[in-house]
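What follows is a single structure, written as structure tokens, with notes after it.
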Amino acid sequence: MIKFPMKFEVSAAAFPGISSQWKGEAQHLPSITCAIPPEFMGPGEGYSPEDLFALALVNCLIATFKVYAEKSSLRYQEIRGRVNLTVDRIPGETGFAMTQADVFLDILGSSDREKAKKILDGAIKDCAISNSIKTGKTFHINIS
């Protein structure tokens, strides 16, 4: 049984300079290299905040689907996800935000396409990351 509230802790530390990479980590997991992306005049060569944002969204959708599929005894060969994230200026303001996420989800080798679609719809509805962000989302679904 899942117990709420859940708490997760991550950390990162960086030295000065736009060109320097830094490490980010989650509890008990190997660290990852983070960097400012070229789009923001950084060197790239590491996960950017925008990469991590999009990865959080797609991984939450996949994880939620996997849990629901397991509980529903849905057999499938693979689920693939991809997010095309748009960062743009906020109209009427000086700042910018992640304004749109085009989410592509493919379920391959489903034993029951209709059931897979229903489970995926539930995962989209219940994904904690998706429900926590104001970024516009468009879902492109393919079930085979």
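The values are calculated or read from the model by the stated rules, or taken from the named source; none is laboratory data. Computed from a predicted model, the values in this text were never measured in an experiment. All Cβ positions, glycine included, derive from the backbone under ideal geometry; neighbour counts span all protein chains shown.
Residues are listed down the side, and each one gets a yes or a no for (1) aromatic (Phe, Trp, Tyr); (2) over 21 Å from the mean Cα position of the chain (by Cα):
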site	(1), (2)
18	no, yes
26	no, no
31	no, no
37	no, no
43	no, yes
47	yes, no
52	no, no
57	no, no
key: From the options 85, 61, residue that is modelled with pLDDT of 95 or more, assigned to a helix (DSSP H, G or I) and not hydroxyl-bearing (Ser, Thr, Tyr)   = 61
ask   = What residue, among those in segment 10-24 that are among the hydroxyl-bearing types (Ser, Thr, Tyr) and assigned to a loop (DSSP other than H, G, I, E, B), is surrounded by the fewest Cβ atoms within 10 Å (Cβ to Cβ)?
value = 19
Residue 30 farther than 25 Å from residue 124 by Cβ, out of contact with any Asp or Glu (no Cβ under 7 Å at 6 or more places or on another chain) and modelled with pLDDT of 95 or more = yes
query = Mind checking which residues of segment 25-39 are under 22 Å from residue 87 (Cα atoms), outside any helix (DSSP H, G or I) and not β-branched (Val, Ile, Thr)?
reply = 34, 35, 37
query = What are the pairs, 6+ residues apart or on separate chains, where a residue within segment 68-81 that is in the same structural domain as residue 104 (by TED's automatic domain parsing) and surrounded by fewer than 17 Cβ atoms within 10 Å (Cβ to Cβ) has its Cβ under 7 Å from a residue that is at pLDDT 95 or above and assigned to a loop (DSSP other than H, G, I, E, B)?
reply = 77/109; 78/109
query = Quick one: is residue 44 surrounded by fewer than 17 Cβ atoms within 10 Å (Cβ to Cβ), in a helix (DSSP H, G or I) and in contact with a helix residue (DSSP H, G or I) (Cβ under 8 Å, 6 or more places away or on another chain)?
reply = no
message = Consider segment 118-144. How many of its residues are touching a residue at least 12 places away in the same chain (Cβ under 8 Å), more than 17 Å from residue 82 (Cα to Cα) and more than 16 Å from the chain's Cα centre (by Cα)?
response = 2
